[in-house]
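The values are calculated or read from the model by the stated rules, or taken from the named source; none is laboratory data. These figures come from a predicted structure and were not determined experimentally. Every residue, glycine as well, gets a Cβ built from its backbone with ideal geometry; the counts of neighbours run over all protein chains shown. Areas reflect the complete protein model, heavy atoms only, side chains present, ligands, DNA and RNA absent. Shrake-Rupley method; radii C 1.70, N 1.55, O 1.52, S 1.80 Å.
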Amino acid sequence: MIRRHAQLAVLDGRVAADVLIDIDDGGITAVTRDAPAPPDAERLTGLTLPGFANTHSHAFHRALRGRTHDGTSTFWTWREKMYAVAERLDPDSYLALARAVYAEMALAGICCVGEFHYLHHRPDGTPYDDANAMSAALAQAADEAGIRITLLDTCYLTGGIGEPLSGVQRGFGDGDADGWIRRVAAFQPVGRHAKMGAAVHSVRAVPAGQIPTVSRWAGEQGWPLHVHLSEQRGENDACDHAYGKTPTRLLADAGALGPRTVAVHAVHLRRDDIELLGDSGAGICLCPTTERDLADGIAPARALADAGCPLSVGSDSHAMIDPLIEARSIELDERLRSEIRGNFTSAALLDAATATGHAALGWPGAGRIAPGAPADLVTVDLDGVRLAGIGADDSTALDGVVYAGTAADVRQVMVGGREVVRDGVHLLVDDVPGELRRAIGRVTT
Ligand SMILES: [Zn+2]
C-alpha cells in the first residue's frame with residue numbers, strides 16, 4: 001500500500017485540505033479529510049485533481065501541429081494534409097509517434113485516452129500480416145507512456161456519402177460492417193490498462209444501412225460507441241441531400257443513439273436533434289480547440305446538457321493538448337455565443353474533463369478521488385506564475401485552476417497507482433520533446 005497526503009484536493013467537486021489518500025493495487029482504498037500528514041505518506045503540494053480523460057484523440061494528427069493553421073485553409077484542405085501524414089504511417093512509425101503523443105498527454109495530466117482509430121491497413125488498402133497491427137501499436141504506445149487507453153476501433157467504409165474510398169482512405173476500410181466486425185473481433189489488447197470501444201466514423205463514412213450492424217455488435221460487447229456528428233454544415237447538407245434527414249435523426253433511426261453513445265462535436269444541431277440526443281442519454285464530446293482551429297462553430301453545450309447529455313472533452317486534432325483549457329472553453333465559448341456568464345460551474349467543467357470523460361470511454365467510477373476509483377491523481381502547482389495568489393479556499397482554488405491553469409502547471413501525475421510524472425518530468429519516456437520531434441520528422445516532409 002502507498003499513501004499520499006494532498007495539501008489540497010478536489011473531492012466531490014469541492015476543495016478539501018489535508019487529504020490523506022490510501023492506495024492499494026492501483027486503486028484508492030480510503031480518503032480522509034483534515035488528516036495530519038503521517039510519516040509514511042508522500043506530500044502532494046498544490047491542488048490535486050482526479051485524473052483527466054481525453055475522450056477524443058487521433059494521435060497522428062499531432063504531426064500537423066504548426067503546419068495547418070494558415071489563413072487560407074478550410075476543414076477540407078486540412079483533411080488533405082492529414083491524409084499526407086496518414087500515408088506515411090506504419091505500425092512501427094505509429095508506435096513511435098503515438099508513444100510520444102501519449103507521453104505529452106501524461107505530462108498534461110491525462111490518465112486515459114480515447115483513441116478514435118481508423119488507420120487500419122496499408123495506404124493501398126492491403127492489410128498488414130496482423131490485420132490489427134496498428135491497433136496493437138496504439139495499445140503498446142499507451143502502455144509505454146503510462147496511460148490507459150480505450151481503443152475506439154472505427155468503422156470507415158466510404159469516402160463520402162455514396163463515394164468509394166480513394167487514395168489513402170483505402171487503408172481505413174474493411175469492405176463492410178461485417179468485415180469490420182471480423183477484424184475487430186480478432187483483437188484483444190493486453191493488460192488491464194486497455195479496453196476496446198467502437199466508432200462509426202461519421203454518416204459521411206458509413207452508409208446508413210451499415211450503421212445498425214456496427215451499433216448492434218458494439219452493444220453486444222458492452223462497448224461504448226463513438227461517432228463524429230455534425231462537425232461541419234457540409235455534413236448536414238450532404239446527409240439531407242442523400243437521406244432527407246439530419247445526421248442525428250439518421251443515427252437515431254439506425255438505433256445508434258443510447259447511453260453508450262458519444263457524439264463528438266455536435267456543433268450544427270437543430271432543436272429536435274438536441275432532444276433526440278438528450279432523450280437517448282447519449283454523451284457529447286466537445287473539442288473546443290479543434291473546433292475553433294477548423295472553424296467548425298460552437299456546439300450548443302448548455303442546451304445539450306439541459307437536454308440530458310453528459311459532456312466530456314477531447315483534444316481531437318491535438319492543435320494543443322491541454323484538458324484544463326478544453327474544459328473552460330465549454331463555458332467561455334458558451335459565453336461568447338449567449339452573452340451570458342455562469343452557464344457551468346467550475347466543478348461541472350472539471351467533471352467533463354475527468355469523471356464524465358472516463359465514463360464515456362467505458363471506465364465508470366474513474367476520474368474521482370474516492371474509494372473504489374483507480375488511483376489517478378493530478379497535482380497542479382499553485383505557486384507558479386499563472387496561479388500564484390489565487391487563494392486556497394474552496395471556490396478560489398478551483399476557479400483559479402479551471403480558468404487559469406494549464407498543462408504546464410501539472411507537476412505530478414499518478415495513473416492507476418503508478419507514478420508517471422514527477423516534478424513535471426515524465427518518468428517512463430526520457431525525452432518527450434525529442435521523441436515527438438523525431439517521430440514527427442519521420443512522417444512529415
Ligand atoms: Zn475526430
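Computed from phi, the 3J(HN,Hα) profile of the stretch 255-261 under the Karplus parametrisation 6.51, -1.76, 1.60 (θ = phi - 60°) reads x, 9, 9, x, x, 8, 7 Hz, with x in place of Gly and Pro. Could you give the Stokes-Einstein D for the chain in µm² per second, using the C-alpha Kirkwood radius, 20 °C, 1.002 mPa s? Approximately 98 µm²/s, per Stokes-Einstein. The equivalent ellipsoid that matches the C-alpha gyration tensor of the stretch 1-44 spans semi-axes of 16, 13, 7 angstrom, in descending order. Taken about its Cα centre, the stretch 11-78 carries a charge dipole of roughly 620 debye when the Cβ of each Lys and Arg holds +1 and the Cβ of each Asp and Glu holds -1. Taking Pro36, Pro212, Pro310 as the candidate residues, the one with maximal mean-square fluctuation in a Gaussian network model of the chain, Cα springs under 10 Å, is Pro36.
Based on the convex hull around the alpha carbon atoms, the stretch 33-156 presents an average projected area of 11.0 nm². Applying 1/(1 + (r/R0)^6) with r as the Cβ-Cβ distance of Asp18 and Asp40 and R0 = 22 angstrom yields a FRET efficiency of 0.90. Here the calculated FRET efficiency for Tyr243 and Thr345, from their Cβ-Cβ distance with R0 = 41 Å, stands at 0.60, rounded to the nearest 0.05. When the square roots of the Cα gyration tensor eigenvalues are ordered a ≥ b ≥ c, the ratio a/c for the stretch 307-445 is under 1.5, which makes its shape rounded.
Ranked by the mean number of other Cβ atoms within 10 Å of their residues, highest first, the peptides 425-433, 72-80, 179-187, 399-407 fall in the order 399-407, 179-187, 425-433, 72-80. Of the accessible area of the stretch 48-130, computed with a 1.4 Å probe over protein heavy atoms only, carbon and sulfur atoms account for 52 percent. As a fraction of the 1.4 Å probe accessible area of the stretch 201-335, surface on carbon and sulfur atoms comes out at 47 percent.
With the highest mean first, a sort of the peptides 242-248, 124-130, 52-58 on other beta-carbon atoms found within 10 angstrom per residue produces 52-58, 242-248, 124-130. Here each label is just a point 7 Å from Cα along the line to Cβ, and for Gln188 and Thr396 those points are 5.4 nm apart. The dipole here belongs to the stretch 203-333: it is taken about the Cα centre, uses +1 on the Cβ of Lys and Arg and -1 on the Cβ of Asp and Glu, and is about 280 debye. Computed over the chain, relative contact order equals 21 percent, with contacts defined as Cα pairs under 8 Å that lie 6+ residues apart. Between the listed residues Gly384, Ile181, Thr126, the Cα displaced farthest toward the positive end of the dipole of the chain, a dipole computed from Cβ unit charges relative to the Cα centre, is found at Thr126. In the chain, taking the dipole from charged Cβ atoms about the Cα centre, the farthest positive-side position among Val227, Pro39, Phe344 is held by Val227. Projected label points at Thr29 and Ser166, each 7 Å from Cα along the beta carbon direction, are separated by 6.1 nanometres. Please give the FRET efficiency for Thr72 paired with Leu336, using the beta carbon to beta carbon distance and R0 = 22 Å, rounded to the nearest 0.05. It comes to 0.35. The charge dipole of the stretch 260-300, taken about the Cα centre with unit charges on the Cβ atoms of Lys, Arg (+1) and Asp, Glu (-1), comes to about 60 debye, rounded to the nearest 20.
Convex hull volume of the C-alpha atoms in the stretch 244-396, normalised per residue: 140 Å³.
Rolling a 1.4 Å probe over the heavy atoms of the protein chains gives the chain an accessible area of 37 Å² per residue.
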